[in-house]
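Trainee: Would you mind keeping the following structure in view while I ask a few things?
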Amino acid sequence: MCGFGGMFFFNKFNKEEFYKMSKSLNFRGPDSNGQFIDLESSICLFHNRLSILDLSDAGNQPMSSFSKRFLIVYNGEIYNHKNIRKILKDKYNFDKWIGHSDTETLVNSIELNGIKDTLNICEGFFSFALWDKKNRELIIARDKIGEKPLYFGFNNSSFYFGSDLFPFKHSKNFKTEIDNNSLKLYFKLNYIPAPFTIYKGIKKLLPSHYMKISLNNRNPKFVKYWDLNNNTKINKNYSEKDLEKIIYSKLEKNVKKQLLSDVPVGSFLSGGLDSSIVSYFMQKNSIDKIKTFNIAFDNSNYDESNFASKIARHIGSDHNTIVVGNNDFEDAILNINNIFSEPFSDSSQLN
């Protein structure tokens, strides 16, 4: 999905460098490319859009709030954004919508409800950067569970941020030197956990956090806006049948929420438990046949496509199988470094 980034250039602004950073994420957002540069405030933002909700120009970014105070670049999807619009209507009698994107919902809710309250009511996966023109303050934020990545770092007195690591590589200030401590974590865990990254001087924002930095105060302020332990209620008196009904209802409700889109929605169907459940509820809540996709292997020792085909027949989906062979794996290995920002050891990345 979409890519974004930018920097607080506390030293001289390098226009050529900025456009190289923006161009590096064109592959994540082919539908439109937007930039914002404020030389007086030393801030620049870019966004590469992959259109999912509101395919019109009204969904393009960077996007301003209704008063023009806030400017946002955002990646992700907020499943309950229509309910948030209803909240803004009921609470503030607000109805000044230009389009129907969740980006517009998010930036206007932040202006009316504030950053912390807005993040707490958002259901979805996202990361974003928000520029407050009034206070000359930058806010970067990440979703509750950390599904969407968000990277940041200081170098040569400038502050860089982005939804991917590729833009950092196009900055002359970053040497992209391997962090040996992160490398140790990688060999131990098979991935690099937040707040670390593979590079020195670059960090990941932690899930459930936002960070503030301003032109007048260059010391970042981190705020945790949500905690799983404080939002989990357990009733030990539930019977097994009660729990079955609750889990069934919650799964269906949440899958249904994620079908909101202005483009076709498909499902990766491996034939395993998780993808089968998701595909089942998708088809149950769709008028037309959903499209399911499976990666099959010409090596029978690894191929599970027959399980996916059985599920597809059972739920009545329009099933598609793509067969992967040894040559495909060899080609994929050569492209891994151009697809993933950081190394991780799950072999499914090849699929």
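Trainee: Among the residues of segment 170-182, are any aliphatic (A, V, I, L, M), farther than 20 Å from residue 345 by Cβ and not in a helix (DSSP H, G or I)?
Mentor: No, that holds for no residue.
Trainee: Would you point out the residue of segment 1-34, among those that are in a strand (DSSP E or B) and crowded, with 17+ Cβ neighbours inside 10 Å, that is farthest from the chain's Cα centre (by Cα)?
Mentor: Applying the filter and picking the extreme gives 8.
Residue by residue, here is whether (1) open to solvent by 60 Å² or more (accessible area, probe 1.4 Å); (2) part of a helix (DSSP H, G or I); (3) modelled with pLDDT of 95 or more holds:
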site	(1), (2), (3)
283	no, yes, yes
289	yes, no, no
292	no, no, yes
303	no, no, no
312	no, yes, yes
322	yes, no, no
328	yes, yes, no
333	yes, yes, no
351	yes, no, no
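Trainee: Let me ask another. Out of 96, 134, 169, 116, which single residue is closer than 18 Å to residue 64 by Cα and in contact (Cβ under 8 Å) with a residue 60 or more places away in the chain?
Mentor: 134
Trainee: A follow-up question, please. Which of (1) crowded, with 18+ Cβ neighbours inside 10 Å; (2) over 25 Å from residue 122 (Cβ atoms); (3) not aromatic (Phe, Trp, Tyr) does residue 148 not meet, given it meets every other one?
Mentor: Condition (2) is where residue 148 drops out.
Trainee: Then there's this: Could you tell me whether segment 243-254 includes any residue that is open to solvent by less than 50 Å² (accessible area, probe 1.4 Å) and under 25 Å from the mean Cα position of the chain (by Cα)?
Mentor: Yes: segment 243-254 contains one or more residues that are open to solvent by less than 50 Å² (accessible area, probe 1.4 Å) and under 25 Å from the mean Cα position of the chain (by Cα).
Trainee: Answer with yes or no whether residue 187 is of a type in the set (A, V, I, L, M, F, W, C), surrounded by fewer than 14 Cβ atoms within 10 Å (Cβ to Cβ) and not in a strand (DSSP E or B).
Mentor: yes
The values are calculated or read from the model by the stated rules, or taken from the named source; none is laboratory data. The shown structure was predicted, so the numbers you read here are calculated from the model rather than taken from an experiment. Neighbour counts are summed over all protein chains in view; Cβ atoms, including those assigned to glycine, are modelled from backbone coordinates with ideal geometry. Please note that ligands, DNA and RNA were not included when accessible areas were found on the heavy atoms of the full protein model with its side chains. Shrake-Rupley method; radii C 1.70, N 1.55, O 1.52, S 1.80 Å.
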